[in-house]
Amino acid sequence: MAHQIFAERLKAAMADHRLKQADMVKAASELGGRLGKSQISQYVSGKTMPRADVVALLSQILGVDAAWLTGESDLPHAAAHEVADGSDLLAGMRASARHEAASPRSTAAQQPAHDRHDIKRSTYMREFKKSSKLDNVLYDVRGPITDEAARMEADGQRILKLNIGNTAPFGFRAPEEVIQDMRHQLTECEGYSEARGLFSARKAIMQYAQIKNIPNVSMDGIYTGNGVSELIQLCMNALLDNGDEILIPMPDYPLWSACAALAGGTPVHYVCDEQAEWNPDLADIESKITSRTKAIVIINPNNPTGALYPRELLEQIVEIARKHQLMIFSDEIYDRLVMDGLEHVSTASLAPDVPCVTFSGLSKSHMACGFRIGWMILSGNKNCMKDFIYGVNMLSNMRLCSNVPGQSIVQTALGGYQSVKSYVEPGGRVYEQRNFIYEALNEIDGVTAVKPKAAFYIFPKLDVKKFNITSDEQFALDLLHEKRILITRGGGFAWPEPDHFRIVFLPRMGVLRDAVRELADFLSTYRQA
């Protein structure tokens with residue numbers, strides 16, 4: 001409630017003085033303060049409340065009482081001494097804003113017709129707003145908090161980015177053999193490939209599918225993409241009509257929910273149980289299936305939790321899909337980043353009679369995020385998805401093909417030495433950093449975490465009572481501002497409570513130690529207002 005009162009009064013005061021967000025940023029700078037457009041966007045949308053010092057700065061800019069802004073008072077006018085320092089500057093800015101808002105029509109009216117061509121080019125334009133299709137789309141892995149981090153970097157501050165699984169900045173390199181092969185083949189990759197992808201790439205993917213025991217795979221059922229991300233969006237557009245429902249895990253990787261919503265579908269989130277090592281809750285899955293449900297998404301190994309699903313659990317999920325006649329989309333991009341001697345089981349290997357689409361790629365297993373090479377494999381009962389395949393082919397043809405230099409290394413990458421194994425074995429970087437972050441986080445008072453079994457993410461839980469946390473977005477912003485550490489809040493993964501956040505544990509051990517030390521120091525005194 002306080003967030004909404006503050007947002008409404010802030011918008012009203014800005015409108016009264018004809019001040020835009022950019023004006024607020026400039027005014028803050030002139031007064032010796034600091035505001036970012038992303039901050040103000042969050043404030044006016046009611047997503048978060050600023051700290052007391054920021055409220056004071058806003059009230060000074062707008063000439064209103066800070067207590068009125070926060071809803072603690074109904075008297076909007078500030079005492080004279082509160083705005084004296086910036087009154088002349090801001091009066092000029094407000095006057096300029098009023099003049100700019102009023103001048104176009106009057107100026108055009110006073111000028112002779114033959115002099116008006118310049119005015120017409122720069123005025124009378126309607127406002128172009130974002131599509132309403134984006135209203136239910138969220139992608140906070142790169143969102144307002146990341147925008148704020150970018151603003152801070154532009155001001156010269158160094159930010160430790162623990163928000164995204166981008167391997168290269170942390171010293172992970174693609175295998176040299178892969179790099180050499182791309183260089184060698186580059187001059188042969190200047191033209192388009194067949195829409196599904198190069199024959200050599202798809203042949204290697206088919207052979208990989210055979211190793212994973214995926215049944216009923218053919219060359220025409222394999223598609224390369226500009227990362228798995230492109231193929232997820234392609235599939236959601238090919239399958240979902242307005243109002244169709246698709247089951248997606250919670251916490252999710254937000255791209256799944258975003259693409260489903262953009263396609264007109266409704267993401268329905270089923271619970272993954274933290275008390276059961278983040279495994280999906282089968283009863284919850286069944287309870288959320290309706291006549292509109294078309295498919296179920298499985299993310300295994302899981303992002304953001306690092307969970308790895310056992311064969312028995314996957315068999316039960318497949319049985320649910322079989323019983324309710326659902327398509328299965330299995331996101332397995334981290335299938336080669338499994339630790340502790342465990343085995344990854346491909347969902348499709350257990351579903352020979354169920355329509356199944358399996359996603360994977362080289363971004364994570366070969367530390368080649370920027371090459372953007374992913375693929376999907378159609379398997380199982382293809383007869384019942386002929387029309388879906390027709391839609392996939394149509395959309396695949398429309399984008400012509402995925403990037404050909406990336407495709408050119410698939411055969412080498414899948415058939416050569418699998419260097420990622422050394423990272424996930426005892427003594428390897430990912431393995432040792434996983435052990436450290438798990439133990440270090442659990443040593444912080446008020447923080448608990450389940451040990452990841454795969455990938456390079458951990459999804460710790462905060463004691464919301466101890467820290468009085470009501471907004472995970474505010475928590476992430478406060479950590480960013482005070483310690484210059486960027487994390488992704490739990491709400492960015494469709495988690496409904498403000499008690500989780502995701503950390504990427506890719507930085508080298510020394511950097512991780514410093515980050516955990518800073519986090520512990522931050523939490524030792526943190527209490528959300």
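The values are calculated or read from the model by the stated rules, or taken from the named source; none is laboratory data. Quick caveat: nothing in here was measured; it's all calculated off a predicted structure. Note that we place each Cβ from the backbone using ideal geometry, even for glycine, and neighbour counts take in every protein chain shown. Quick note on the areas: whole protein, heavy atoms, side chains included, nothing else; ligands and nucleic acids left out. Shrake-Rupley method; radii C 1.70, N 1.55, O 1.52, S 1.80 Å.
Could you list, in sequence order, the residues of segment 207-248 that are free of Cβ contacts under 8 Å to residues at least 40 places away in the same chain and of a type in the set (Asp, Glu)?
Within segment 207-248, ASP220, ASP241 meet the criteria.
Would you please name the residue that is least open to solvent (accessible area, probe 1.4 Å), looking only at residues in segment 262-278 that are more than 11 Å from THR305 (Cβ to Cβ) and either in contact with a Pro (Cβ under 6 Å, 6 or more places away or on another chain) or in a strand (DSSP E or B) (or both)?
Result: TYR270.
Restricting the first residue to segment 249-261 and requiring it to be acidic (Asp, Glu), which pairs with a second residue that is open to solvent by 10 Å² or more (accessible area, probe 1.4 Å) meet a Cβ separation below 8 Å and a spacing of at least six or different chains?
ASP252/PRO267; ASP252/HIS269; ASP252/ALA494
Do we have PHE493 as at pLDDT 95 or above and either surrounded by 20 or more Cβ atoms within 10 Å (Cβ to Cβ) or of a type in the set (Lys, Arg) (or both) here? Walk me through how you get there before you give the answer.
Working: at pLDDT 95 or above: no; either surrounded by 20 or more Cβ atoms within 10 Å (Cβ to Cβ) or of a type in the set (Lys, Arg) (or both): yes.
Here the answer is no, as PHE493 does not meet what is asked.
One line per residue, one yes/no per condition, for (1) within 24 Å of the chain's Cα centre (by Cα); (2) at pLDDT 95 or above; (3) more than 21 Å from ASN302 (Cβ to Cβ):
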position: SER408; (1), (2), (3): no, no, yes
position: GLY415; (1), (2), (3): no, no, yes
position: TYR423; (1), (2), (3): no, no, no
position: ASN435; (1), (2), (3): no, yes, no
position: ASN442; (1), (2), (3): no, yes, no
position: ASP472; (1), (2), (3): yes, no, no
position: ARG508; (1), (2), (3): yes, no, yes
position: VAL516; (1), (2), (3): yes, yes, yes
position: ALA520; (1), (2), (3): no, yes, yes
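From the residues in segment 306-363 that are under 24 Å from the mean Cα position of the chain (by Cα) and hydroxyl-bearing (Ser, Thr, Tyr), which one is modelled with the lowest pLDDT? Talk me through it step by step, then tell me what you get.
So the first thing to find is which residues in segment 306-363 are under 24 Å from the mean Cα position of the chain (by Cα), and the list is 306-309, 328-338, 357-363.
When the remaining residues are screened for being hydroxyl-bearing (Ser, Thr, Tyr), the result is 309, 330, 334, 358, 360, 363.
Details: TYR309: 98, SER330: 97, TYR334: 95, THR358: 97, SER360: 95, SER363: 90.
This residue is SER363.
So which pairs qualify, if the first residue must be in segment 477-490 and under 15 Å from ASP155 (Cα atoms) and open to solvent by less than 10 Å² (accessible area, probe 1.4 Å), the second must be of a type in the set (A, V, I, L, M, F, W, C) and in a helix (DSSP H, G or I), the Cβ gap must be under 9 Å, and the two must be at least 6 apart or on different chains?
Short answer, once both residue conditions are applied: LEU480/ILE145; LEU480/ALA149; LEU480/MET152.
Can you tell me which of VAL516, VAL450 is out of contact with any strand residue (DSSP E or B) (no Cβ under 6 Å at 6 or more places or on another chain), β-branched (Val, Ile, Thr), buried (at least 19 other Cβ atoms within 10 Å of the Cβ) and within 22 Å of ALA168 (Cα to Cα)?
On the way: VAL450 fails: within 22 Å of ALA168 (Cα to Cα).
Testing whether each residue is out of contact with any strand residue (DSSP E or B) (no Cβ under 6 Å at 6 or more places or on another chain), β-branched (Val, Ile, Thr), buried (at least 19 other Cβ atoms within 10 Å of the Cβ) and within 22 Å of ALA168 (Cα to Cα) leaves just VAL516.
Answer yes or no as to whether ALA454 is over 26 Å from THR525 (Cα atoms), touching a Ser or Thr at 6+ places or on another chain (Cβ under 8 Å) and not hydroxyl-bearing (Ser, Thr, Tyr). Explain how you work it out, then say what you get.
On the way: over 26 Å from THR525 (Cα atoms): yes; touching a Ser or Thr at 6+ places or on another chain (Cβ under 8 Å): no; not hydroxyl-bearing (Ser, Thr, Tyr): yes.
The answer is no for ALA454.
Give me the pairs, please: first residue somewhere in segment 140-169 and among the aliphatic types (A, V, I, L, M), second residue anywhere and open to solvent by 40 Å² or more (accessible area, probe 1.4 Å), beta-carbon distance under 6 Å, and either six or more positions apart or on two chains.
Cβ pairs passing all conditions: VAL141/ILE164; ILE159/GLU153; ILE159/ARG484.
Could you list all residues from segment 219-237 that are closer than 25 Å to LEU314 by Cα and open to solvent by 30 Å² or more (accessible area, probe 1.4 Å)?
SER229, GLN233
Could you give me the residue pairs with C-beta distances under 7 Å whose first residue belongs to segment 21-45 and is outside any helix (DSSP H, G or I), whose second residue is at pLDDT below 80 and not hydroxyl-bearing (Ser, Thr, Tyr) wherever it lies, and which are 6+ apart or on separate chains?
LEU31/ASP85; LEU31/GLY86
What number of residues within segment 461-474 satisfy the criterion of being surrounded by fewer than 22 Cβ atoms within 10 Å (Cβ to Cβ) and not in a helix (DSSP H, G or I)?
The total comes to 6.
Quick check on my filter: what residues within segment 261-272 are under 20 Å from SER287 (Cα atoms), of a type outside the set (Phe, Trp, Tyr) and touching a Leu at 6+ places or on another chain (Cβ under 9 Å)? Outline the logic, then answer.
Taking segment 261-272 first, the residues under 20 Å from SER287 (Cα atoms) are 265-272.
Still in the running and of a type outside the set (Phe, Trp, Tyr): 265-269, 271-272.
Within segment 261-272, GLY265, THR266, PRO267, VAL268, HIS269 meet the criteria.
Out of (1) in a helix (DSSP H, G or I); (2) open to solvent by less than 10 Å² (accessible area, probe 1.4 Å); (3) not aromatic (Phe, Trp, Tyr), what's the single condition that is false for LEU506?
(1)
Yes or no: segment 190-212 includes at least one residue that is within 22 Å of ASN303 (Cα to Cα), modelled with pLDDT of 90 or more, of a type outside the set (Gly, Ala, Ser) and open to solvent by 40 Å² or more (accessible area, probe 1.4 Å).
no
For segment 297-346: of the residues being in a loop (DSSP other than H, G, I, E, B) and polar (S, T, N, Q), which is surrounded by the most Cβ atoms within 10 Å (Cβ to Cβ)?
Going residue by residue through segment 297-346, those that are in a loop (DSSP other than H, G, I, E, B) are 300-310, 325-326, 332-337, 339-346.
When the remaining residues are screened for being polar (S, T, N, Q), the result is 300, 302-303, 305, 325, 346.
Values: ASN300: 26, ASN302: 27, ASN303: 29, THR305: 27, GLN325: 11, SER346: 22.
My answer is ASN303.
Might you check whether a residue that is free of Cβ contacts under 8 Å to residues at least 12 places away in the same chain, of a type in the set (Lys, Arg) and either in contact with a strand residue (DSSP E or B) (Cβ under 7 Å, 6 or more places away or on another chain) or assigned to a helix (DSSP H, G or I) (or both) occurs anywhere in segment 384-397?
Yes, because at least one residue in segment 384-397 is free of Cβ contacts under 8 Å to residues at least 12 places away in the same chain, of a type in the set (Lys, Arg) and either in contact with a strand residue (DSSP E or B) (Cβ under 7 Å, 6 or more places away or on another chain) or assigned to a helix (DSSP H, G or I) (or both).
Of all residues in segment 419-447 being part of a loop (DSSP other than H, G, I, E, B) and open to solvent by 40 Å² or more (accessible area, probe 1.4 Å), which is nearest to LEU342 (Cα to Cα)? Outline the logic, then answer.
Here is the first cut: in segment 419-447, the ones part of a loop (DSSP other than H, G, I, E, B) are 419, 425-428, 443-446.
Those still in the list that are open to solvent by 40 Å² or more (accessible area, probe 1.4 Å) too: 425-427, 443, 445.
Numbers: GLU425: 11, PRO426: 13, GLY427: 16, GLU443: 26, ASP445: 31 Å.
Only one residue fits best here, namely GLU425.
Kindly check whether there is at least one residue in segment 350-372 that is part of a helix (DSSP H, G or I), farther than 19 Å from LEU414 by Cα and open to solvent by 20 Å² or more (accessible area, probe 1.4 Å). Spell out how you get there, then give the answer.
Here is the first cut: in segment 350-372, the residues part of a helix (DSSP H, G or I) are 350, 369-371.
Checking the rest, the ones that are also farther than 19 Å from LEU414 by Cα come to 350.
Restricting the remaining residues to those that are open to solvent by 20 Å² or more (accessible area, probe 1.4 Å) gives 350.
Checked segment 350-372: at least one residue is part of a helix (DSSP H, G or I), farther than 19 Å from LEU414 by Cα and open to solvent by 20 Å² or more (accessible area, probe 1.4 Å).
Name the one entry in ASP281, ASP252, ASP241 that is open to solvent by 30 Å² or more (accessible area, probe 1.4 Å) and more than 22 Å from ASP387 (Cα to Cα). Spell out the reasoning first.
Working: ASP252 fails: open to solvent by 30 Å² or more (accessible area, probe 1.4 Å); ASP241 fails: more than 22 Å from ASP387 (Cα to Cα).
Step by step, each of ASP281, ASP252, ASP241 is checked, and only ASP281 is open to solvent by 30 Å² or more (accessible area, probe 1.4 Å) and more than 22 Å from ASP387 (Cα to Cα).
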